[in-house]
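The values are calculated or read from the model by the stated rules, or taken from the named source; none is laboratory data. Bear in mind that the values here come from a model prediction, so they are computed numbers and not experimental data. Ideal geometry is used to build each Cβ from the backbone, glycine not excepted, and the neighbour counts take in all protein chains shown. Ligands, DNA and RNA are stripped out before the accessible areas are found, and what is left, the full protein with its side chains, is counted by its heavy atoms. Shrake-Rupley method; radii C 1.70, N 1.55, O 1.52, S 1.80 Å.
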Amino acid sequence: MTTIDPTQQPAPEPMHRLIFEEPGPPRPAELPGGGPAWLVSRYDDVRQVLSDPRFGRARLYAPDAPALSGVPDLVNNPDLMFNQDGPDHLRLRRTLRRAFTPRAVARWRPWIAAMVEELLDRLEGRQQSADIVAEFTLPLPVAVISRLMGLDGSVWDRMRHWSEHAFSDGTHEGEQVASALKEFSAFGADLLTERRRTPGEDLISSLVAAADEEGGVPEAQLVSLVCGLVVGGHDSTMTMLGNSLLYLLGERRETWPRLGADEEAAGRLVDRLIHLVPLGDDRGSTRHAAEDVEIGGVTIPAGAIVLADCGMANRDPEVFPLATLHDLFAPLEAPTLSFGAGPHYCLGAWLARTELQLALHRLAARFPELRLAAPMETVAWRTGTTSRGPRRLGVRW
């Protein structure tokens, strides 16, 4: 596969400007590779697909299933927890669930807040301009997941390299991705071995202890779980922070004073941003129908691949009225589907929300005059991965 030169591609739209079709009844559609699928887009229908055990992930990776990606990547690794169903999935999920409860995240809040303030102190020392990605939106989530997992700064550059290949959008060479993932898996396996030998207070040590207590968890699945935590634990938050700042400073600057003055209002704003601004251009969450299932008055046949479009569902006017959809301080009328739903609901949702709330609230409080240094249309995008956000974002104050 030839690597696509991003300089020859048209400049993509900011994530908050993506156009969504009107949600409707389930209908036939196509997978990115051209295979047949069913598109489900209304809020209630998407929630049903994501919550119904008859719609699973594991069968997507059966030997006779069509390939979902042209190159290897972490997301489509059958050993990943997200791609397990039933008892196998529950066994893996139980090893992590206690670590990411709202109560657990509340205990982390003080040191996350301290990390935010430390980065803002450094930013304040700049000459009233900076790349906010390099100075804030990247180092904050990397530092948070590193502390949780007991990693030091020596692996941070490799974490970014692995993230770019783990979430490849298909523009990397297949051999290059395979090599990076092999190196990443070896790193994850070594971490597990080290924490078994000398356990600490970190998340990996807790994971090892919980897996041993649970029993029957294959080592390959534990390695994939560790790797997924390393890259997923920072990439999504980094992307969301960058895209949020582009939107707020570029088009919703009127929200900045209230964001900095009211932490509770900042929480509602973060909920809206998570709800409205997708992480990537591919919005479908894929499932396999184990049997005939009726969704929204339409029968999805057994064996069908279903694309549950959370982005469209999050804009369903029957659930989220157009009058308040873009009111960033209005409470959500129903739970967002940005974190999924059902058995595969994102375990890191509370952590991500806490980081985003603290980061945006304190940034607006400390830098009330923060502005974009250049027009939105000139932003340099991070390309090559399924999540898309600014690679650099110049600001001034």
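Looking at E213, E164, E201, just one residue is open to solvent by 10 Å² or more (accessible area, probe 1.4 Å), at negative phi and not in a helix (DSSP H, G or I), and that residue is E201. From the list T137, T171, the lone residue that is open to solvent by 20 Å² or more (accessible area, probe 1.4 Å) and farther than 20 Å from F82 by Cα is T171.
Does G340 meet the test of being part of a loop (DSSP other than H, G, I, E, B), without any contact (Cβ under 8 Å) to a residue 60 or more places away in the chain, at positive phi and small (G, A, S)? No: the conditions fail for G340.
For the stretch 348-373, the tally of residues that are in a loop (DSSP other than H, G, I, E, B) and buried (at least 19 other Cβ atoms within 10 Å of the Cβ) stands at 3.
Here V395 meets the list (1) part of a strand (DSSP E or B); (2) open to solvent by 20 Å² or more (accessible area, probe 1.4 Å) almost entirely, failing just condition (2). Considering L60, L90, the condition of being assigned to a helix (DSSP H, G or I), surrounded by fewer than 17 Cβ atoms within 10 Å (Cβ to Cβ), of a type in the set (A, V, I, L, M, F, W, C) and modelled with pLDDT under 90 is satisfied by L90 alone. Of all residues in the stretch 116-144, those that are touching a residue at least 12 places away in the same chain (Cβ under 8 Å) have Cβ atoms under 7 Å from Cβ atoms of residues that are aromatic (F, W, Y) and not in a helix (DSSP H, G or I), 6 or more apart or on another chain, in Q128/W397.
Counting only residues that are over 12 Å from D45 (Cα atoms), open to solvent by less than 40 Å² (accessible area, probe 1.4 Å) and in contact with a strand residue (DSSP E or B) (Cβ under 8 Å, 6 or more places away or on another chain), the stretch 293-325 holds 2 of them.
Restricting the first member to the stretch 188-213 and to residues that are over 19 Å from G348 (Cα atoms), and the second to residues that are assigned to a helix (DSSP H, G or I) and of a type in the set (D, E), the beta-carbon pairs closer than 9 Å and six or more apart or on different chains are A189/E219; L192/E219; R196/D212.
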